[in-house]
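First comes the structure, then the notes that go with it.
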Amino acid sequence: MTTDTSSRTLQNRAVFGVLLMIGGLALYSLSDAFIKQLMGTYSVPQTSFLRAVTRLVPLSIAVFMQGGIKKIFATDHPGSHLVRLGVNLTYTYAFMYAFSVASLTTIYTLSYTSSFFMILLSAWILKEKIGRAKWIAVGIGMIGVLIATRPGSSVFEVAALIVLFGTFLGSLNKILMRRLAATEHSLAIAIYPNLTMILVTFPFLISKWQPPSLHDWGFFAIVGVITAAGQYAIAHSLRCAQGSTLAPIDYSSFFWVVMLDFFWWGATPDLYTIIGASVIVGSNLYILYRSRKEKAAKPQPAPA
């Protein structure tokens, strides 16, 4: 009997990895819109707790559909999981707090600095070779972000510093996920952070629990499903493509935020936003082109 190891090995499928990352980021943007709506009623710990609980429902179903607990959670690297979970917990709380005090536009604008952190960490930790073309494309993409958002002095407040700190930890979290993806199941990588969030947050809610309405339970359920799918897509994308290839794809979430701002809160993008978005699209398409060209240039192994 053969065993499917595709969920525990790195794969050279850059284009598929990029598409998974784009889809995962789109789901996360939608989730963030729901979370920001809920943050007006519930505390950061309770929102984090309920989001983690609702995520576990679809992920738990997927565990039993893909082989059961023993197959999914077997690991020889518990220490690596613990380090990554500490990083994940800290950056999640940083962003959850930011959602309660800042706009989606401000948060996402500053979070695009993750490309710099991701490229540096990929070269340092994963020992990936970063070509000059990718560095240039990342720089052009950052220029596009600046054109679109034109951050002023009012942006750089305490919330901005928290977002920048969370962005660095988020980039480090993706690098650690990439390392774990070489041996660990994608579902385990997605489930452990939610279990950790539940265990750490629950003691703080015993005396400060606010019962959600039926309407809000529905919102939390939606958040759980779409973020669980987003988590799994991002975890698997890091198995299929290098961190340096995926780093510029973070910019794609900008378009989802613009759409959500328009349809949810009635905010219309101006000319600068449209120009910046065009620059961002161009840099992402160029990165995808370079990744495919590099893959095609590699010598193929001779058939046995």
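The values are calculated or read from the model by the stated rules, or taken from the named source; none is laboratory data. Just so it is clear, the structure is predicted and the values come from calculations on it, not from any experiment. Positions of Cβ are backbone-derived with ideal geometry, glycine not excepted, and every protein chain shown enters the neighbour counts.
Quickly run through the range 223-249 and pick out the residues that are more than 17 Å from residue 184 (Cβ to Cβ) and charged (D, E, K, R).
Those that are more than 17 Å from residue 184 (Cβ to Cβ) and charged (D, E, K, R): none in the range 223-249.
Can you tell me which residue is surrounded by the fewest Cβ atoms within 10 Å (Cβ to Cβ) among those in the range 248-287 that are among the polar types (S, T, N, Q) and under 23 Å from the mean Cα position of the chain (by Cα)?
The extreme case among them is 278.
Can you confirm whether the range 72-80 contains a residue that is under 18 Å from residue 33 (Cα atoms), surrounded by 20 or more Cβ atoms within 10 Å (Cβ to Cβ) and either within 18 Å of the chain's Cα centre (by Cα) or among the aliphatic types (A, V, I, L, M) (or both)?
no
Picking from 230, 218, which residue would you name as being at pLDDT 85 or above, more than 17 Å from the chain's Cα centre (by Cα), among the small types (Gly, Ala, Ser) and assigned to a helix (DSSP H, G or I)?
218
Within the range 107-127, can you find the residues that are outside any helix (DSSP H, G or I), within 14 Å of the chain's Cα centre (by Cα) and not aromatic (Phe, Trp, Tyr)?
113, the sole residue that qualifies.
Going by the conditions given, is residue 224 at positive phi and surrounded by fewer than 24 Cβ atoms within 10 Å (Cβ to Cβ)?
Judged against the criteria, residue 224 is not a match.
Would you confirm whether any residue within the range 63-73 is at pLDDT below 85, more than 20 Å from residue 183 (Cβ to Cβ) and charged (D, E, K, R)?
no
Pick from 75, 92: which is touching a helix residue (DSSP H, G or I) at 6+ places or on another chain (Cβ under 9 Å), of a type in the set (Ser, Thr, Tyr) and not in a helix (DSSP H, G or I)?
Residue meeting the stated conditions: 75.
Are any residues in the range 11-66 without any contact (Cβ under 8 Å) to a residue 12 or more places away in the chain and not in a helix (DSSP H, G or I), and if so, which ones?
40
Yes/no per residue for (1) out of contact with any Leu (no Cβ under 7 Å at 6 or more places or on another chain); (2) surrounded by fewer than 17 Cβ atoms within 10 Å (Cβ to Cβ); (3) among the basic types (Lys, Arg):
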residue	(1), (2), (3)
63	no, no, no
86	yes, yes, no
90	no, yes, no
106	yes, no, no
119	yes, no, no
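From 216, 250, 261, which residue is out of contact with any strand residue (DSSP E or B) (no Cβ under 7 Å at 6 or more places or on another chain), within 27 Å of residue 183 (Cβ to Cβ) and in contact (Cβ under 8 Å) with a residue 40 or more places away in the chain?
None of the other options fit; the residue is 250.
What pairs come up if the first residue lies in the range 121-137 and is free of Cβ contacts under 8 Å to residues at least 24 places away in the same chain and over 14 Å from residue 293 (Cα atoms), the second is of a type in the set (Gly, Ala, Ser) and buried (at least 17 other Cβ atoms within 10 Å of the Cβ), and their beta carbons are under 9 Å apart, counting only those six or more places apart or on different chains?
Short answer, once both residue conditions are applied: 129/244; 136/283.
Is it the case, given these coordinates, that residue 97 is touching a residue at least 40 places away in the same chain (Cβ under 8 Å) and either crowded, with 20+ Cβ neighbours inside 10 Å or touching a Leu at 6+ places or on another chain (Cβ under 6 Å) (or both)?
no
Go over the candidates 172, 187, 176, 161 one by one and state the one that is of a type outside the set (Asp, Glu), part of a helix (DSSP H, G or I) and either touching a Cys at 6+ places or on another chain (Cβ under 6 Å) or under 23 Å from residue 224 (Cβ atoms) (or both).
187
Considering each of 47, 2, 54 in turn, give the residue that is of a type in the set (Ser, Thr, Tyr), at pLDDT below 85 and buried (at least 21 other Cβ atoms within 10 Å of the Cβ).
Of 47, 2, 54, the one residue that is of a type in the set (Ser, Thr, Tyr), at pLDDT below 85 and buried (at least 21 other Cβ atoms within 10 Å of the Cβ) is 54.
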